[in-house]
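Undergrad: The structure that follows is given in the form of structure tokens.
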Amino acid sequence: MQASAQTKSADAAKRPGLGTFAGVFTPSILTILGIILFLRLGYVVGHSGLAQTLAIIAVAHAVSLLTSLSLSAIATNLRVKGGGDYYLISRTLGVSFGGAIGLVLFLAQAVSVGFYCIGFAEAVGAWFPERDGLLLREIGGGAVLALGLLAWLGSDWATRFQYAVMAAIAAAIGVFAFGALGAWNMDLLAANWQPPAGHLSFWVAFAIFFPAVTGFTQGVSMSGDLADPGRSIPRGVLWAVALSMLVYVGAAVLFAAALPNAELSADYDAMQRVSSYAPLVIAGVLAATLSSALASFLGAPRILQSLSADGIFPMLKSFAAGSGPANNPRRGVLLTFFIAAAVVALGDLNAIASLVSMFFLLSYGLLNYATYFEARTKNPSFRPRFRFFDQHASLAGALLCAGAMLAIDLAAGAIAVAVLFGIYQYLEHKAAPGGWADSRRSSHLQEARKHLLAAAAEPEHPRDWRPQLLVFSDTARRRERLVQFASWIEGGSGLTTVVRALQGQGPEMIEERERVLKELTEELRESKSTAFPLVVAGAELDATLSAIVQSAGIGPLRANTVVVNWIEDASTFVHEMGVNRFGQNLRTAFRLGSNLLILDGNEQEWSEVTARPASERIIDVWWSPNRTGELMLLLAHLVTRSNDWEDAQIRLLAVPNEGEDRQTALAALKATLDEFRIDAEIEVIDELNADAIAAHSRDSSLVFLPFGIHGGRFYGPAGGDLPSLLRALPLVAMTMAAQDVDLDADPDVDPGEEPDRPAGKDSPA
């Protein structure tokens, strides 16, 4: 194990790629220190006052800081590959969320390239007194072409250009700070502390400022180009967020101490006025727009490449290919170029700028939620090396992102959520399962654990009874029908386990068990059954069957009903022992507390029933006034919950009790059904015998019939030859109850104090 870890570390050390500074910190900090810093921060200070501006900066950076903590935790919990945010979210929340956020993030970043290039064109166009829209488009198009060339050459070339951009931005901030310190005025700072009259509201000013902090994950998009993503991403992102926070706080204070609020709020070029050398500030503005555009130009193709490699959208498969040792996504670069060029051709991005910000906020919110989701599952595999993580901070980050979306632009936020939800729903229904592990299964397991513990803490009550079925059959042909029948009687409220019991021991039987389990699992998957497979091997078949009946399930979720085919099937219960062993094994299961259901029906009878419309189907219940009668009636009701049987009619057939006439018996049965709250047609017959049963139920679709076992032999409700009766009937579910389902159990009565009701003469002792 230790040698393996050392090998991985050695491989990571040898792997070519970008480091923390070039791969994460630089693209992140250059995108954060952008247009807002140079052209809008002074405007916000002028309208909001220094105190409110500092609060805005604090809230905005709280979003970025909390998201950075989540990002650091999840990035140090798995080996991060290409795709950045998309990779992290898809490997946590699954293919649907990952695919949806990956697609919108790619489009958002591709559009952002055009957006920033238009900003660059407007800044350059200010030097031309007679500029027009065509000139601005030409300048913006030239910027897209130049940046596209850098992205085409690869991240190494783009990184070298970023160093020049960083130098220009640092110089611009330096001359601004030098000029502001020279004009420092404490009285002016005090006067600018509070907002002026008629100032912008907090959230309007926040909406103007917030795009400044939406670039801190740009470096994450370069995850596939990093030598050690797990180390570089946390360090690079956190350093970028920390430094940018200091820059924005310092710049806000310098603005407030250098110019009055009235001048700041009226002039977007206040930084140039304050600086000691305005041309360097102009160079900083140009560099900021280009750096933001370049970061998006590098990130968008890599998100598309990772998304395409996962095969979520088949039409994007060709974009998975890369070029050169660094696997540079040149096809994605071309697509990004065309999208950005189209955006520049449109010219005005004011209508969609907030929508692009919404997509970024969605990704941050989902990233926070993905980390909280992963931690909440208590998955043993969630062991982030990042020490400063708390799942509640991730939840707070997700909520802050949601709040920021509402504050910035409610309409744009609603559109972004609708787009994301639409893609998510498409992938839920169309996408193949992702070929990776995510946290959804861990979440389901954690919820199952929580609910099982909660259910176990509550006293068991008859009102809580649900069918938990053990289905035994060794023949695939008839097992398919038996599993279908089990799904009907589940009624959407129970669970089914399909069991194969094997006789034998030793290494060969272990291999045989694995083979049979694989076959059974595939069989159930192909039939789209919700049943669970279970294969158990043992030296003695009888002992194995007894152990399965006693141990199947977990905690309060125990198997309570055994379902088998009638003896004509080569059932596990029959094996090679014949009808007596079949009956003895069923009787053992009954004595161990399992209800018994035996399905009888050949292929012709099954085909006739399934071909009949649901509205023409009749379910007969041959009533017996005991727990078996109540179980049959409940199962018949559950069958009508199935889509195949929802319009079927339940018919209750019974003979009067001794000393009762037909009217009295009918009234008593109506009262019983009212108490049980089950709709059924009642038919009172004079005499219970095989001929009467056959005559009344011959044309029905499904017949619930009580039975008994004695000495390994089977008896119907009227005694006599059961096999001959079954041949005269359609599908038959022979039923014998070992448990009291009590259809009218009183919720206020302790089940431990309720007297046991008689099992009835048709149930075996």
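The values are calculated or read from the model by the stated rules, or taken from the named source; none is laboratory data. Everything quoted here is computed from the prediction, not taken from an experiment. Cβ: placed from backbone, ideal geometry, glycine included. Neighbour counts: every protein chain shown. Accessible surface is based on the protein model in full, side chains and every heavy atom, while ligands, DNA and RNA are left aside. Shrake-Rupley method; radii C 1.70, N 1.55, O 1.52, S 1.80 Å.
Undergrad: Just flag the GluC sites (Glu not before Pro) in the range 620-667 sitting in loop per DSSP whose Cβ has no more than 10 other Cβ atoms within 10 Å.
TA: Those that pass, being in a loop and sparsely packed, are Glu658.
Undergrad: Name the residues of the range 508-528 whose amide N is less than 14 Å from a point 7 angstrom out from the Cα of Ala547 along the C-beta direction?
TA: Answer for the range 508-528: 509-510, 513.
Undergrad: Could you pull out every residue, at least 5 positions away or on a different chain, whose amide H is within less than 5 Å of the one on Leu502? Hs are placed 1.01 Å off N in the peptide plane, and Pro or chain starts have none.
TA: Long-range HN contacts for Leu502: Val536, Ala537, Gly538.
Undergrad: Starting from the Cα-Cα distance between Phe178 and Arg79, subtract it from 0.36 nm times their residue separation and give me the gain in nm to one decimal. Before the final figure, lay out each step's value.
TA: Numbers: separation 99, 0.36 × 99 = 35.64 nm, distance 4.40 nm.
Here the segment from Phe178 to Arg79 would lengthen by 31.2 nm.
Undergrad: At what distance in nm do the modelled label points of Ala170 and Phe421 sit from each other, each positioned 7 Å from its Cα along Cα→Cβ?
TA: Output for this residue pair reads 4.7 nm.
Undergrad: Shifting gears a bit: Ranked highest first by average number of other Cβ atoms within 10 Å, how do 26-32, 55-61, 664-670, 107-113 line up?
TA: Top of the packing list down: 26-32, 107-113, 55-61, 664-670.
Undergrad: Suppose only helical runs count, i.e. DSSP H with n ≥ 4. What mean residue ellipticity at 222 nm does that imply for the chain under -39500 (n - 2.57) per run, divided by all residues and rounded to the nearest 500 deg cm²/dmol?
TA: Calculated from helices alone, the mean residue ellipticity at 222 nm is -19500 deg cm²/dmol.
Undergrad: Using 7 Å Cα-to-Cβ label points, what is the Ala191/Asn643 separation (nm, one decimal)?
TA: Distance between the two pseudo-spin positions: 7.4 nm.
Undergrad: On to the next question. Per residue, how much accessible area does the chain show when a 1.4 Å probe rolls over the protein heavy atoms, in square angstrom?
TA: 45
Undergrad: Give me the number: length gained by fully extending Glu263 to Glu603, i.e. 0.36 nm times residue separation minus the C-alpha to C-alpha distance, one decimal in nm.
TA: Numbers: separation 340, 0.36 × 340 = 122.40 nm, distance 8.93 nm.
Extra length from Glu263 to Glu603 when fully extended: 113.5 nm.
Undergrad: Take each of the peptides 356-367, 143-154, average the number of other beta-carbon atoms within 10 Å over its residues, and list them starting from the highest.
TA: Ranked by mean Cβ neighbours within 10 Å, highest first: 356-367, 143-154.
Undergrad: Just reorder Tyr248, Tyr268, Tyr116 by solvent-accessible area, largest first, 1.4 Å probe, all chains present. Spell out each step's value before the answer.
TA: On the way: Tyr248 0, Tyr268 105, Tyr116 40 Å².
Ranked list, largest accessible area first: Tyr268, Tyr116, Tyr248.
Undergrad: Trypsin sites (Lys or Arg not before Pro), restricted to the range 512-547: which are DSSP loop and have at most 10 other Cβ atoms within 10 Å?
TA: Here the sparse-neighbourhood loop sites are Lys528.
Undergrad: Hey, any idea what % of the range 199-283's accessible area is carbon plus sulfur with a 1.4 Å probe?
TA: Using a 1.4 Å probe with all protein chains present, the range 199-283 comes out at 66 percent carbon and sulfur.
Undergrad: Would you list the membrane-span-like helices of the chain, meaning whole DSSP H runs whose alpha-carbon atoms span at least 27 Å along their axis and whose mean Kyte-Doolittle value is at least 1.0?
TA: Length and hydropathy pass: 41-75, 95-125, 133-153, 155-182, 229-258, 278-309, 410-430.
Undergrad: Ordered by packing density, taken as the mean number of other Cβ atoms within 10 Å over each peptide's residues, highest first, how do 274-283, 44-53 rank?
TA: Packing order, densest peptide first, comes out as 44-53, 274-283.
Undergrad: Return the distance in nm (one decimal) between the two label points of a simple spin-label model at Asp691 and Met315, each offset 7 Å from Cα along Cα→Cβ.
TA: Result for the modelled spin labels: 7.1 nm.
Undergrad: A follow-up question, please. Going down the table (Lys430/Lys528; Lys317/Lys528; Lys378/Lys450), which pairs top 19 Å between alpha carbons?
TA: Cα-Cα > 19 Å for Lys317/Lys528; rest within.
Undergrad: Subtracting the Cα-Cα distance from 0.36 nm times the residue separation, let me have the gained length for Glu511 to Phe161 in nm, one decimal.
TA: Working: separation 350, 0.36 × 350 = 126.00 nm, distance 6.04 nm.
Computed gain between Glu511 and Phe161 is 120.0 nm.
Undergrad: Continuing with the same structure: Given a Förster distance of 41 Å, report the FRET efficiency between Asp699 and Gln503 from their Cβ-Cβ distance, rounded to the nearest 0.05.
TA: 0.45
Undergrad: Amide H of Gly84: which non-local residues (sequence gap of 5 or more, or other chain) have their own amide H closer than 5 Å, using H built in the peptide plane?
TA: Long-range HN contacts for Gly84: Ser223, Gly224.
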